[in-house]
Structures are given as C-alpha cells and as structure tokens.
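Notes follow the structure.
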Amino acid sequence: MNKLLRLLQDGRFHSGQELGEALGVSRSAVWKHLQRIQNETALPLYKVPGRGYRLAEPLSLLAEDQLLPQLEALGWELYLFDALDSTNAEALRLLSTGRAPFLVVAESQSAGRGRRGRHWVSPFGQNLYCSLAFKVHGGTRQLSGMSLVVGLAVMQTLRGMGLPQAGLKWPNDVYVDGRKIGGILLELTGDPADECHVIAGIGINVNMADAKGIDQPWTSLREWIGMVDRNELLLTFAATLKTYLDRHLAAGFASLREEWEAAHIWQGQSCTLSTGAHELSGTVLGVDPQGGLRLMIDGVERSFSGGELSLRLDR
Ligand code: ATP
C-alpha cells in the first residue's frame, strides 16, 4: 500500500511539507497524490489550511511485513493487493500459474461475490476480504461440510475477539445479534470426485461504520468492540482456519457437526427453505454428516444441500 496513506493512517494532521519530505516530493505532488488516493479509495480526507491533511478516521492498513512470517509458518503464500475485482476471482487466476496453498487478500473489492451472483460490499481498508486456495485429494468426503467448517473458523475468531454472541446461519453466513457480519463463498475447480482445488472466499466486516448497498441488516466488529487491528485479526483468523481445516481433513465434517449445530442461530426454529423453484417450511433439526440442512417437514425429516438453497426464519 502506498507510503502516503500509511503516513496518514493514524488519522492525525500531517502538513504538506512533512508528507513531501517523507516522500521526497513537492507539496503540490503530495496534493495530487492525495487526490488520486481519494478517487481510488473513496476515503474521506480533510484538508485544513495551516494544519495539513488528515483522514476523517484512522485506518488499520494491511501490512505484508506483519503478515508474512505467520502465514509462512502456516505454509501459505500471501498475495496482498490494494484493489481487486474479487479475491476469489484472483485466486482462480493465480491457480493457473501458482501453487496452492496460498492466501489472496485485498484492501478492497470492486466485484466482491456472494452466492448466486450477489454482490459483497467491500469498501477500501475497512474489512477483511480474503480467499484461501488449497488442494483437496480424496473426493467428496474431503469436501463435505467444508464451507460450514470455514464458517466455524470465522465464528470462533469473532468469539475470541470478544463477540460471544457470534453464530452461524446455514449454510455460509456469520451473524451477530440477528445481523450479518461475515459471509463465505466456496468455489471448486478440478474434479470434485478425485483431485480438485477449493477456493474459500471470506468476507468479515471489521471497522466498517456505514455502507451503501447492503440490503439486509448488517454489523461489524467495530460496533461491538471498537476499531480493530486488521493484521492481528487476519492472523488470528488464519491460524483458526488452519486448525479447523486440519480437523476436517483428519476426521471429516462429522467430527465438527455437533459444534456447528450448537452455533446455528436458527436451530429448532421454524424456517422456510427456498430452492429457487419451491419454498418449503419446516423446523430446523440441524445438519447431516455431509453438512446438508436437516428439516422436519410435516413430520418427516428431510436433508437438503446445494448452492441454490437459501434459508429464512419464519416470523
Ligand atoms: P443466503 O441466505 O441465501 O446466503 P444472502 O442474502 O445472505 O442469502 P449471500 O450470497 O450469502 O446472500 O450474501 C450476499 C448478500 O449479503 C447481499 O445480497 C447483501 O444483502 C449482503 N451483503 C453484501 N455485502 C455485505 C457486507 N459487507 N456485510 C453484510 N452483508 C452484506
């Protein structure tokens, strides 16, 4: 990330002269550079005569030197970007040249993806947007419940940060107090029955205080615990995710199923499952050993899985 923004991330005033000297450029070059940053990031910036420039709010920028040692210790290569279309899309592109496992992280996404082509709102420098690409051998058993396991890792990270009320909504959302704080999008390439690559995309709302374009209730860590150091959060999450993926690899989703059900916010409640073509109402019983949703419908237990399914709470 560019040096100028790093100098400003403390949210304090910095004079044009001080910034120019630090960068070895003129004051007018500083101003031009700042305008470009503003256009690219949409970060509000104050310019006050006699005092200089400051960001409307402090930022916690991602820093490669802070992230690299611990991610390397996990065996993950890091690709860090200021801006991407989507971290999942970049991970997919990198898979054609690079070797997994690797983690793609971006300060912002212009086309962050949710399920079924939905948009994930991803403003610059506020949240975490990352995708882990890794190889999976052994077919369907090794993939069962994978996106639920990633959800558990997000949820445990949030709980560890001081949000004990963080919970999960089948199949791939993380909620706090009835509002969405994170989402997961798993994509596969290769042969799921044999050897394939998984791209686990994760979005977590961290320091975002307001946002345009989210058409459902949402929250962020900041609302509950104040501003968060995003490097620390990313490292904590990465270590937690590695632990969960290792458990999943060793013993399958069945070994994590109870933990997942205990965290399901709508466990035992009346919900409607939309399959695209149909709507089915039933009581949520939990998940099956493959991570499919178990619903009691008219006295009969049925399991559902697949990317098009969407669950809503009956009011
Ligand atoms: P489902 O229950 O089927 O998963 P969903 O509406 O939660 O439905 P997702 O694909 O998981 O769909 O996520 C995309 C949706 O999440 C968007 O349509 C928007 O409503 C919401 N959203 C987008 N960006 C954010 C964000 N940064 N934080 C919270 N929610 C968001």
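Of the conditions (1) among the aliphatic types (A, V, I, L, M); (2) surrounded by 14 or more Cβ atoms within 10 Å (Cβ to Cβ); (3) within 16 Å of the ligand (Cβ to nearest atom), Leu285 satisfies every one except a single condition; which number is it?
Looking at each condition in turn, Leu285 falls short on (3).
Go through the stretch 147-172 residue by residue and tally those that are in contact (Cβ under 8 Å) with a residue 40 or more places away in the chain, open to solvent by 10 Å² or more (accessible area, probe 1.4 Å) and away from the ligand (no atom under 13 Å from the Cβ).
Residues meeting the conditions: 4.
Taking only pairs six or more apart or across chains, which ones have beta-carbon atoms under 7 Å, a first residue in the stretch 190-204 that is closer than 14 Å to Ala91 by Cβ, and a second residue that is polar (S, T, N, Q) and surrounded by 24 or more Cβ atoms within 10 Å (Cβ to Cβ)?
Ile199/Asn88; Ile199/Ser131; Ala200/Ser131; Gly201/Thr87; Gly201/Asn88; Gly201/Ser131; Gly203/Ser122; Gly203/Asn127
Output the qualifying pairs, or none if there are none: Cβ atoms under 9 angstrom, residues six or more apart or on different chains, first residue in the stretch 36-47 and at negative phi, second residue of a type in the set (D, E, K, R) and open to solvent by 60 Å² or more (accessible area, probe 1.4 Å).
Short answer, once both residue conditions are applied: Glu40/Asp82; Thr41/Asp82; Leu43/Glu57; Pro44/Glu57; Leu45/Arg54; Tyr46/Arg54; Lys47/Arg54.
List the strands (runs of 3 or more DSSP E) that sit entirely inside the stretch 40-136 and contain at least 2 residues that are buried (at least 18 other Cβ atoms within 10 Å of the Cβ).
52-55, 77-84, 102-109
Please specify each residue of the stretch 288-315 satisfying the condition of being in a strand (DSSP E or B) and within 15 Å of the ligand (Cβ to nearest atom).
Across the stretch 288-315, the qualifying residues are Leu293, Leu295, Phe304, Ser310, Leu311, Arg312, Leu313.
Select, from Arg247, Arg222, the only residue that is charged (D, E, K, R) and within 16 Å of the ligand (Cβ to nearest atom).
Result: Arg222 is the single residue among Arg247, Arg222 that is charged (D, E, K, R) and within 16 Å of the ligand (Cβ to nearest atom).
Pull up the stretch 288-315, narrow it to residues that are without any contact (Cβ under 8 Å) to a residue 40 or more places away in the chain and aliphatic (A, V, I, L, M), then point me to the one that is surrounded by the fewest Cβ atoms within 10 Å (Cβ to Cβ).
This residue is Val300.
Going by the structure shown, is Glu258 charged (D, E, K, R), within 13 Å of the ligand (Cβ to nearest atom) and open to solvent by 10 Å² or more (accessible area, probe 1.4 Å)? Walk me through it before giving the result.
On the way: charged (D, E, K, R): yes; within 13 Å of the ligand (Cβ to nearest atom): no; open to solvent by 10 Å² or more (accessible area, probe 1.4 Å): yes.
So Glu258 does not fit the description; no.
Filter the stretch 111-146 for residues that are touching a helix residue (DSSP H, G or I) at 6+ places or on another chain (Cβ under 8 Å), among the hydroxyl-bearing types (Ser, Thr, Tyr) and at pLDDT 95 or above; which is farthest from Tyr79 (Cα to Cα)?
Looking at residues that are touching a helix residue (DSSP H, G or I) at 6+ places or on another chain (Cβ under 8 Å), among the hydroxyl-bearing types (Ser, Thr, Tyr) and at pLDDT 95 or above, I get Tyr129.
Count, please, the residues in the stretch 221-239 that happen to be farther than 14 Å from Ile204 by Cα and either in contact with a His (Cβ under 7 Å, 6 or more places away or on another chain) or crowded, with 18+ Cβ neighbours inside 10 Å (or both).
Adding up the residues that qualify gives 0.
Going by what's in this entry, would Arg36 be described as open to solvent by 60 Å² or more (accessible area, probe 1.4 Å) and in contact with a Lys or Arg (Cβ under 7 Å, 6 or more places away or on another chain)?
Taking the combined requirement at face value, the residue does not satisfy it.
The values are calculated or read from the model by the stated rules, or taken from the named source; none is laboratory data. Keep in mind it's a predicted model, so treat the numbers as computed, not measured. A quick note on method: Cβ atoms are made from the backbone with ideal geometry, for glycine too, and the neighbour counts reach across all protein chains shown. Surface accessibility is based on the protein's heavy atoms, side chains included, excluding ligands, DNA and RNA. Shrake-Rupley method; radii C 1.70, N 1.55, O 1.52, S 1.80 Å.
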